[in-house]
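Undergrad: Sending over a structure as structure tokens; questions will come in a sec.
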Amino acid sequence: MSTVAVSVYWCSDLTQCPFPDAGYASMKQIPAPLLTLTIGIAVTFVSFWYGQNHGLLPEQASEQSVLVDELFNSMVVMGTALFLLVEGAILYCMVQFRQRKGDETDGPPIEGNLPLEAFWTAIPTILVIGLGLYSFQVFQDIGGITPGHVAHDHGTMIAQSAEAPLPESSAEPEGTLVAENGVFGLGAPLENEDTLADLQVDVTGMQYAWIFTYPQDNIIDGELHVPVGADVQLNISAKDVIHSFWVPQFRLKQDAIPGKKTALRFIASKEGSYPVVCAELCGGYHGSMRTQVIVHSPEDYQAWYDQRVAQVPVNETIAKAPADLSAEEYLSPYGEEMGVNADLIANLSLK
Amino acid sequence: MTQAEIPTQAVVVPATPPPHHPEKWKWYDYFTFNIDHKVIGIQYLVTSFIFYLVGGLMAMAMRLELATPASDFLSPDLYNAFLTNHGTIMIFLWIVPASIGGFGNFLVPLMIGARDMAFPKLNALAFWVTVPAGMLIVGSFFFGGAQAGWTSYPPLSVVTANTAQSMWILAIVLAGTSSILGSLNFIVTIWKMRVPSMAWDQMPLFCWAMMATSILALVSTPVLAAGLTLLLFDINFGTSFFNPANGGDVVMYQHLFWFYSHPAVYLMILPIFGIMSEVIPVHARKPIFGYKAIAYSSLTICLVGLFVWVHHMFTSGTPPWMRIFFTISTLIVAVPTGVKIFSWVATMWGGKIRYTSAMLFAVGLLAMFVFGGLSGVTLGTAAFDLHVHDTYYVVGHFHYVLFGGSVFGLYAGLYHWYPKITGRMLNESLGKAHFILTFIGTNLTFLPMHQLGLQGMPRRVAMYDPQFQTLNQLCTFGSIVLGLSLLPFLANAIWSWSQGPKAEDNPWNAKTFEWTTASPPIIENWEVLPVLTEGPYAYGEESAEETEAVNT
């Protein structure tokens with residue numbers, strides 16, 4: 001709605017600009033309010049249409065993606081309206097106010113117009129403040145305000161098992177408050193602040209692979225498997241350099257940072273496989289640091305999970321925490337599964 | 001010091017003091033430690049343009065690599081070295097030195113009626129430290145080249161190509177030193193050396209922009225130097241400022257880096273905004289619309305720009321309050337920027353626009369900066385940035401503002417002031433061909449990148465998902481057009497420098513001081529310093545007076 005109003009005011013001001021110039025007499029054949037209204041309606045219509053039909057985003061596969069896309073779409077509506085109006089004004093100027101043949105005179109000596117300047121300062125200010133409030137709301141709804149809250153109430157469940165051998169900077173008491181401050185990323189939306197995620201998975205980034213650990217049963221996998229509709233928390237860490245966990249179809253991204261705990265929390269809403277992409281430059285093979293997240297139906301997920309539990313060689317996995325292994329040792333059993341080719345492993349071994 | 005007193009003395013005593021210099025500089029004077037601000041300006045412009053070509057060739061090599069999804073043209077390490085040094089060269093050895101060092105040095109004293117900068121030797125020193133900076137960057141390729149991105153985040157920068165990375169750090173610290181020395185010089189020059197008849201609000205807007213730029217550079221550059229020095233220690237001397245294994249903090253580096261490097265974005269665009277405010281009124285034949293609003297919005301951008309850096313770190317280790325605070329501050333920067341855009345459109349509105357090459361590039365900038373600004377607003381919101389951070393959407397966005405913005409502005413400035421700098425006119429037909437090729441190439445190269453990023457292609461990758469091949473090939477095709485667009489410009493600029501038609505003192509009939517002296521200006525700029533009798537944008541006053549005379 002605000003866009004409608006803005007477009008109309010905008011145009012009425014442009015067409016009523018107090019510029020005493022003959023060049024714009026042609027517009028005066030149409031009554032200014034009518035022209036303004038027509039342009040305003042057309043721009044509004046096109047902007048709203050494009051905001052819903054730009055087709056620029058990949059499919060939505062998480063509940064969070066719906067909220068993020070609504071924010072993006074509304075920015076596309078606003079952006080399209082502003083783009084059309086400003087570019088339209090530029091094009092109009094270029095045609096209407098070009099130098100005519102033989103005219104060597106200057107334009108009129110207009111140095112400013114305080115009401116007009118106040119207007120075009122105030123409108124963007126209102127727009128960005130409104131946008132700021134709306135984006136704050138979305139940020140809160142996707143869990144931006146409370147990263148890691150619940151995880152820390154349940155102490156050791158946080159990524160400790162897969163954590164690189166980095167000593168905590170100080171001996172943290174096994175409490176809630178200190179630990180809460182140390183987690184960055186996304187948690188539960190504010191209203192679910194105190195609920196525990198249905199599933200917690202530890203995610204470790206390393207050159208050039210993602211390792212997913214299901215801490216309860218020590219399942220380690222090169223792909224992320226989650227059930228559809230479940231509230232999943234990823235406890236993210238990095239072994240060597242900074243990586244960034246990104247699932248474009250979830251619209252969520254969080255850096256994996258050596259020495260820091262980060263988290264992402266999401267509810268997958270659509271079954272299927274989606275790419276997991278490393279988004280932070282992490283070395284020569286950064287572009288190949290990809291795997292996938294597989295969203296199962298709850299039954300399929302349970303079947304996968306039971307099968308993997310059966311495969312876990314209990315003694316070994318408990319005896320050796322992943323952190324004690326070198327990168328090659330750690331990677332080799334899962335290399336094939338993760339789509340990591342022999343060249344890559346060889347490259348890792350060289351380092 | 002005594003330089004600062006010259007204008008006042010000169011107005012009282014028009015005769016110049018006995019010259020310590022020849023009548024005219026010889027060609028080899030341009031290769032020496034020369035303290036004439038115009039020589040230094042030209043040294044900056046030519047050197048930085050050569051680096052622009054080097055950085056551009058790296059970009060084309062990367063685009064050729066990206067024509068196919070597999071990594072098959074460059075080795076992955078060389079690709080990363082190119083992406084790191086392409087960014088570094090374009091920022092630290094092209095846009096910043098060309099706009100601030102080149103146009104700033106050449107124009108500021110001429111625009112305010114001074115005979116030189118306040119500290120001429122410091123000025124020459126500032127140029128000459130950028131030369132070893134450039135040599136270090138080039139030399140680093142013998143050691144594999146820095147490969148950690150222009151951001152050089154640890155731990156990657158600590159564990160990759162140590163020698164090259166150290167050379168890279170030294171190069172940036174030298175370029176930063178040059179920037180600090182230069183900005184000090186600009187602040188003192190603009191503050192103290194205007195001709196007595198020029199009040200603050202009669203100063204050309206380019207000087208306001210240079211003032212804001214210099215304050216920003218002076219405040220933020222030392223922080224980058226500090227951060228990079230700590231990184232240098234971590235790499236070479238075993239310290240652990242950014243090594244988490246020994247209690248260091250990698251995110252601290254990101255804060256130190258972006259505290260400078262976001263303002264650096266404004267260092268690269270504020271002088272360009274200044275160029276826009278000079279070029280548009282001259283070629284639209286109308287006074288600048290809203291002088292005060294444009295001048296103060298430069299200062300506002302300078303101030304707010306210091307408090308937006310965390311928007312580069314929304315997905316990093318940053319707490320919720322930071323993500324929210326910096327969303328709001330980032331969105332607010334759009335307001336003063338919008339004010340400038342609207343003011344330039346209003347300046348054109350009702351004018352008599354001459355489509356010179358300079359004006360075409362200025363209008364092209366306006367058209368593309370609007371788009372880059374709007375995509376920038378979307379990136380400012382933390383919730384949406386979580387999706388597109390570190391993707392091609394960001395690459396598309398910042399090339400719209402840095403190429404569509406800064407580089408177009410530099411071209412507009414080159415076409416506008418070339419007659420003053422060289423004393424020769426450029427060929428307008430070649431200029432128009434250059435504009436058309438550049439405009440098409442820019443949009444072909446950078447527009448599809450937005451869609452690539454939204455769809456899921458991360459930045460800084462040599463290999464990518466095959467589903468993105470078509471759009472990538474479009475970008476590669478665009479970059480070839482951009483590469484070709486340089487040919488008419490180079491031919492034009494090189495040929496015209498010696499063979500072009502001689503330029504008059506004031507070929508565009510402009511009102512600012514630099515057009516009151518010869519083209520090219522004499523050493524020490526004027527025989528007798530000019531006196532300000534009308535504002536820098538007093539266009540159309542005669543026609544208005546005539547109309548009044550007729551009416552009465």
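What follows is calculated from the coordinates using simple rules that are stated; it is not laboratory data. Because the structure is a prediction, the values reported are computed rather than measured. Here Cβ is always computed from backbone atoms with ideal geometry, including for glycine, and neighbour counts include all displayed protein chains.
Undergrad: Using the 2.2 N^0.38 Å rule of thumb for compact globular proteins, work out how region B:26-70 stacks up: its C-alpha Rg over that value, please.
TA: It is 1.81.
Undergrad: Can you list the DSSP H helices in chain B whose Cα atoms extend at least 30 Å along the helix axis and whose mean Kyte-Doolittle hydropathy is 1.0 or higher?
TA: Helices passing the filter in chain B: B:37-65, B:120-140, B:162-192, B:205-236, B:250-284, B:320-348, B:357-380.
Undergrad: Another question about this same structure. Short version: what are the Cα gyration tensor semi-axes of chain B, square root of 5 times each eigenvalue, largest first, in whole Å?
TA: For chain B, the semi-axes come out at 39, 26, 23 Å.
Undergrad: Averaged across orientations, what area in nm² does the convex hull of the alpha carbons in region B:154-213 project?
TA: Over every viewing direction, the Cα hull of region B:154-213 projects on average to 5.4 nm².
Undergrad: If you build the Cα gyration tensor of region B:477-538 and take the root of 5 times each eigenvalue, what three semi-axes come out, in whole angstrom, biggest first?
TA: 34, 16, 9
Undergrad: Could you give me the radius of gyration and the Dmax of region B:258-339, taking only the C-alpha atoms into account and expressing both in angstrom?
TA: Cα-based Rg and Dmax for region B:258-339 come out at 15.3, 51 Å.
Undergrad: Here's a follow-up. Given a cut-off of under 8 Å on Cα pairs at least six residues apart, what relative contact order in percent is computed for region B:198-279?
TA: Normalised by residue count, the contact order of region B:198-279 is 45 percent.
Undergrad: Kirkwood hydrodynamic radius (Cα pairs, Å) of region B:413-544? Working shown, then result.
TA: Details: mean 1/r = 0.0546 Å⁻¹.
Averaging 1/r across every pair of different Cα atoms and inverting gives 18.3 Å.
Undergrad: Report, in cubic angstrom per residue, the convex hull volume of the C-alpha atoms of region B:333-404.
TA: 78
Undergrad: So, one more: Compute and list, largest first, the equivalent-ellipsoid semi-axes of region B:199-252 from the alpha carbon gyration tensor, each √(5λ) rounded to a whole angstrom. Display every interim value, and only then the final one.
TA: On the way: eigenvalues 321, 18, 7 Å².
Three semi-axes, in Å: 40, 9, 6.
Undergrad: Related question: If the reach is capped at under 23 angstrom between alpha carbons, list the lysines near A:Lys239, excluding any in the same chain fewer than eight residues apart.
TA: The reachable lysines, counting only those whose Cα sits under 23 Å from A:Lys239, are A:Lys253, A:Lys260, A:Lys261, A:Lys320, A:Lys351.
Undergrad: Okay, next question. In square nanometres, what is one fourth of the surface area of the convex hull spanned by the alpha carbons of the protein assembly as shown?
TA: 38.6
Undergrad: Per-residue HN-Hα couplings for region A:132-147, Karplus 6.51 cos²θ - 1.76 cosθ + 1.60 at θ = phi - 60°, whole Hz, x for Gly and Pro?
TA: x, 5, 4, 5, 4, 4, 5, 4, 5, 5, 8, x, x, 7, 10, x
Undergrad: Sticking with this one: Shielding by partners for A:184-193, please: the mean number of other protein chain Cβ atoms within 10 Å of each residue's Cβ.
TA: Numbers: counts 10, 6, 4, 1, 0, 0, 0, 0, 0, 0.
That average works out to 2.
Undergrad: Within region B:39-551, count lysine pairs with alpha carbon atoms under 14 angstrom apart where the residues are 8 or more positions apart or belong to different chains.
TA: Values: B:Lys286/B:Lys352; B:Lys286/B:Lys511; B:Lys292/B:Lys340; B:Lys420/B:Lys502; B:Lys420/B:Lys511.
Total qualifying Lys-Lys pairs in region B:39-551 comes to 5.
Undergrad: Using a/c under 1.5 as the rounded threshold, could you call region B:388-441 rounded, prolate or oblate? The axes a ≥ b ≥ c are square roots of the C-alpha gyration tensor eigenvalues, and prolate needs a/b larger than b/c, oblate otherwise. Before the final figure, lay out the partial values.
TA: Working: a/c = 6.27, a/b = 2.33, b/c = 2.69.
Oblate shape, in that a/c is at least 1.5 and b/c is the bigger or equal ratio.
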